[in-house]
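Scroll down for the structure; my scribbles are underneath it.
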Amino acid sequence: ALADIGVTGLAVMGANIARNLARHGHTVALHNRSASRVDELMTKHGSEGNFIPSASITEFVASLKRPRRALIMVQAGAATDAVIEQLADAMEPGDIIIDGGNALYTDTQRREKALRERGLHFVGAGISGGEEGALNGPSIMPGGSAESYEYVGPLLESVAAVVEGAPCCTYIGTDGSGHYVKMVHNGIEYADMQLIGEAYQLMTSAAGLSANEAAEVFAEWNSGVLESYLIEITSEVLGHTDAETGKPLVDVIVDAAGQKGTGRWTVKSALDLGVPVTGIAEAVFARAVSGSRELRAASQGLAGAELATSLTEIFPGTDVESFVADIHSALYASKVVAYAQGFDQLAAGSREYGWDLKLGDLARIWRGGCIIRAQFLGRISDAYAANPQLPSLLLDPYFRDAVESAAASWRRVVTVAAQLGVPAPGFSSALAYYDSVRAKRLPAALIQGLRDYFGAHTYERVDKPGHFHTQWSGDRSEISN
Ligand code: NBP
């Protein structure tokens, strides 16, 4: 018998997706550059379903039903190109190559075009959920031709996470859209984690909670509007004690955050599109600051001139409990801002590349399987269902109300952070964004004046249409352009 689908690249992600497919009754062909991974999977998990192991790409391709479907799960970049090349050489027109790695969307666009010209379908599928998700149900974001989705959609949907009876997988759009959406998902994940980190730091530094007490607070929060996988595992990590020292593990982990690049890609794309994703950008830069070990070591002696040493000095009468409630509000409001910005970027990317992304569907398939999975996403889905043209999530009645009710607490938290000298770049820049978009006037008027002064860049006027220039070095009269 032939295989329904093949998986090449059997490191942790590929092996788990292959097992997931097999557990759902699909016959799965297996291939990996080093044969040992195929053997290992067969030895350990061969009994979980129908697998067809193969020793070479040609054997692998020959073991697939037509049109052939091959899922690549190798390292993004050159490795993916190499594997695509080998597969394409062995395949025939009409066959489908799926890349489930974390490819940069522009690479996917390039690959899709090249393969289309050779008569092959190429599906760039963003897969989120880490190894656990890959095995038990990830969130899958497949982009490619609508025709290719007919061949791969049902297979991918069958192994995706399920929320309220619906799979966390849907057709995203053409060429690089799936990987673009996955990239922004990861960017949002960066912002979400940064905000959670700031909440934790304020709980411990400003409110004086221990890591264990903070763990309890997060566990409690996980049953409210913040309910999410990230809040749940925050409680787990904060509550974990290091076996060697007996201290909270979080206190013995080096405070330098790593990054693999998807956050940076998101911000680069946002910069190109001119979308202010301040929350994601702050999160990427905050990781960069944390990792700047020499700079941080050299800066230890810098004076802070803090305006207070305790919470009660700033807000007399405030108790820990009410401040923790303020942090909850600040976290929620900042999170709404970060997600609103992320969805703005998705809308802008969709316009730029002609993808016609369904924003509500994206929120829906992120409710399960992926790292940012949360109840909250159901609200986002509802918001776009109510108004697909929503200019910003901040204007949806539910989110508008949520942020307006959180605003006073949010300001208190940012005030406390500033006065105590506790960095809260995510909370404060989200608040600045909120205040910027709602401001009647911004200092951009002055910036336009300055640009006109040194570069004759012209400005518009509030009282009449057109573009104007003041002759700054002459008699300072205004001319219309
Ligand atoms: P890795 O990203 O660590 O890649 C290891 C796999 O790539 C192995 O199968 C390896 O073969 C293969 N490979 C390499 Br490296 N160079 C190759 C080449 N030139 N030709 C053929 N094969 C090559 O694996 P992973 O962590 O399982 O991730 C797989 C993909 O899924 C990546 O794109 C990753 O970004 C993405 N992803 C990962 C996660 C996660 O949580 N880890 C989540 C979502 C997406 P070998 O065995 O012969 O060395």
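Would you work out which of 231, 187, 206 lies farthest towards the positive end of the dipole of the stretch 139-247, given +1 charges on the beta-carbon of Lys and Arg and -1 on that of Asp and Glu, about the Cα centre?
Towards the positive end, the residue furthest out is 187.
Using only alpha carbon positions, build the gyration tensor of the stretch 166-272, then give the equivalent ellipsoid semi-axes as the square roots of 5 times its eigenvalues, largest first, whole angstrom.
Numbers: eigenvalues 201, 57, 34 Å².
For the stretch 166-272, the ellipsoid semi-axes come out as 32, 17, 13 Å.
From the alpha carbon gyration tensor of the stretch 118-182, can you work out the equivalent ellipsoid semi-axes (sqrt of 5 times each eigenvalue) and give them in Å, largest to smallest? Each step should come with its number before you reach the end.
Details: eigenvalues 82, 30, 20 Å².
Largest first, the stretch 118-182 gives 20, 12, 10 Å.
Relative to a virtual label point 7 Å from the Cα of residue 273 in the Cα→beta-carbon direction, which members of the stretch 168-210 show backbone nitrogen distances below 19 Å?
Inside the label zone: 170-192.
Please list 141-148, 192-199 highest first by mean number of surrounding beta-carbon atoms within 10 Å per residue.
Numbers: 141-148: 23.0, 192-199: 24.6.
Most protected by this proxy first, the peptides run 192-199, 141-148.
Angle between the Cα long axis of helix 376-386 and the longest principal axis of the chain, 0 to 90 degrees, nearest 10?
90 degrees
Give, in nm to one decimal, the length gained when the segment between residue 293 and residue 117 is fully stretched (0.36 nm per residue of separation minus the Cα-Cα distance).
Working: separation 176, 0.36 × 176 = 63.36 nm, distance 4.79 nm.
Gain in length upon complete extension: 58.6 nm.
Using only the alpha-carbon atoms, what does the chain span along each of its principal axes? Please give whole angstrom values in decreasing order.
78, 68, 47
Report ³J(HN,Hα) in whole Hz for each residue of the stretch 120-137, in order, from the Karplus equation J = 6.51 cos²θ - 1.76 cosθ + 1.60 where θ = phi - 60°; Gly and Pro get x.
Result, ordered by residue: 9, 8, 10, 10, x, 10, x, 10, 10, x, x, 5, 5, x, 4, 7, 9, x Hz.
Please state the charge dipole magnitude for the stretch 1-137, taken about the Cα centre, from unit charges on C-beta atoms (+1 on K and R, -1 on D and E), reported in debye and rounded to the nearest 20. All intermediate terms of the calculation are to be shown ahead of the outcome.
Working: 14 positive and 16 negative charges, 44 e Å.
Charge dipole of the stretch 1-137: 220 debye, to the nearest 20.
Give me the distance in nm between label points sitting 7 Å out from Cα along the Cα-to-Cβ direction at residue 477 and residue 227, one decimal.
7.0 nm
With a probe of 1.4 Å, find how much accessible area the chain has per residue, and write the answer as a whole number in Å².
Numbers: 22150 Å² over 481 residues.
Computed with neighbouring chains in place, this is 46 Å² per residue.
Over its Cα atoms, what ratio of radius of gyration to 2.2 N^0.38 Å does the stretch 358-474 give? Don't skip to the end; give the middle numbers.
Working: Rg = 20.4 Å, N = 117, 2.2 N^0.38 = 13.4 Å.
In units of the 2.2 N^0.38 Å rule of thumb, it is 1.52.
Put one equal scatterer on each alpha carbon of the stretch 24-158, apply the Debye formula with no solvent term, and list log10 I(q)/I(0) at q = 0.11 1/Å to two decimals.
Values, matching the q order: -0.37.
Note down the accessible area of residue 461, probe 1.4 Å, to the nearest 10 Å².
Ignoring ligands and nucleic acids, residue 461 comes out at about 90 Å².
Which residue, chosen from 53, 43, 28, occupies the Cα position most advanced towards the positive end of the dipole of the stretch 21-80, where the dipole is computed from +1 (Lys, Arg) and -1 (Asp, Glu) charges on Cβ about the Cα centre?
Positive-end residue among those listed: 28.
Angle, helix 78-90 long axis vs. longest principal axis of the chain, Cα atoms, 0 to 90°, nearest 10?
With rounding to tens, the tilt is 30 degrees.
Mean shadow of the stretch 389-458, computed from the convex hull of its alpha carbons, in nm²?
Details: hull surface 28.9 nm².
Approximately 7.2 nm², given one-decimal rounding.
Which of the peptides 286-292, 378-384 is most tightly packed, and how do the rest follow, going by the mean number of other Cβ atoms within 10 Å of each residue? Intermediate values should be presented prior to the final figure.
Numbers: 286-292: 16.7, 378-384: 19.9.
Those peptides, ordered most packed to least, come out 378-384, 286-292.
So if I place +1 on the C-beta of Lys and Arg and -1 on the C-beta of Asp and Glu, and nothing else carries charge, what would the dipole magnitude of the stretch 242-311 be about its Cα centre? I want it in debye, nearest 20.
I would put it at about 300 debye.
Report the equivalent ellipsoid semi-axes for the stretch 272-327 in whole Å, largest first, defined as the square roots of five times the eigenvalues of the gyration tensor built from alpha carbon atoms.
Values: eigenvalues 178, 94, 21 Å².
Semi-axis lengths for the stretch 272-327 are 30, 22, 10 Å.
Any idea of residue 321's accessible area? Nearest 10 Å², probe 1.4 Å.
We get 150 Å² for residue 321.
Treat every Asp and Glu Cβ in the chain as -1 and every Lys and Arg Cβ as +1, leave all other atoms uncharged, and give the resulting dipole magnitude about the Cα centre to the nearest 20 debye.
Details: 39 positive and 56 negative charges, 201 e Å.
Here the chain has a charge dipole of around 960 debye.
Once the other residues with Cβ under 14 Å from the Cβ of residue 252 are scored (Lys, Arg +1; Asp, Glu -1), what is the net sum?
Values: positive: 247; negative: 242, 244, 251, 255.
Net local charge, residue 252 excluded: -3.
Quick one: accessible surface of residue 454, probe radius 1.4 Å, all protein chains present, in square angstrom to the nearest 10.
Estimated to the nearest 10 Å², residue 454 gives 150 Å².
Between 0 and 90 degrees, rounded to the nearest ten: what's the tilt of helix 177-205 against the longest Cα principal axis of the chain?
Between the helix axis and the principal axis of the chain, the angle is about 50 degrees.
Considering only protein heavy atoms and a 1.4 Å probe, what is the carbon-and-sulfur percentage of the accessible area of the stretch 41-80? It would help to have the intermediate numbers written out before the result.
Details: 1040 of 1980 Å².
It is 53 percent, rounded to a whole number.
Could you derive backbone 3J(HN,Hα) for the stretch 251-258 from the dihedral phi with the Karplus parameters 6.51, -1.76 and 1.60 (θ = phi - 60°), listing whole Hz in sequence and x where the residue is Gly or Pro?
7, 9, 7, 5, 8, 10, 7, x
Summing Lys, Arg as +1 and Asp, Glu as -1, what charge do residues with Cβ under 13 Å from the Cβ of residue 336 carry, residue 336 excluded? Could the numbers behind the result be given before it?
On the way: positive: 335, 379, 400; negative: 192, 344, 396, 401, 404.
That sum, taken over residues with Cβ under 13 Å, equals -2.
In nm, what is the difference between 0.36 nm times the number of residues separating residue 408 and residue 300 and their Cα-Cα distance?
Details: separation 108, 0.36 × 108 = 38.88 nm, distance 3.27 nm.
Between residue 408 and residue 300, full extension yields an extra 35.6 nm.
How much of the DSSP bridge set in the chain is antiparallel, in percent, rounded to the nearest 5?
Working: 13 of 34 bridges.
Beta bridges within the chain, antiparallel portion: roughly 40 percent.
Please report the relative contact order for the chain, taking Cα pairs under 8 Å with a sequence separation of at least 6, and give it as a percent rounded to a whole number. Don't skip to the answer; put the middle values down first.
Working: 857 pairs, mean separation 59.0, N = 481.
Relative contact order of the chain: 12 percent.
Probe radius 1.4 Å, ligands and nucleic acids ignored: give me the carbon and sulfur share of the accessible area of the stretch 308-444 as a rounded percent. If you can, show how the numbers build up before the last one.
Numbers: 3030 of 5800 Å².
Taking all protein chains in place, the stretch 308-444 shows 52 percent carbon and sulfur surface.
The values are calculated or read from the model by the stated rules, or taken from the named source; none is laboratory data. Bear in mind that the values here come from a model prediction, so they are computed numbers and not experimental data. Ideal geometry is used to build each Cβ from the backbone, glycine not excepted, and the neighbour counts take in all protein chains shown. We work out accessible area using only protein heavy atoms, side chains counted, and drop any ligands, DNA or RNA first. Shrake-Rupley method; radii C 1.70, N 1.55, O 1.52, S 1.80 Å.
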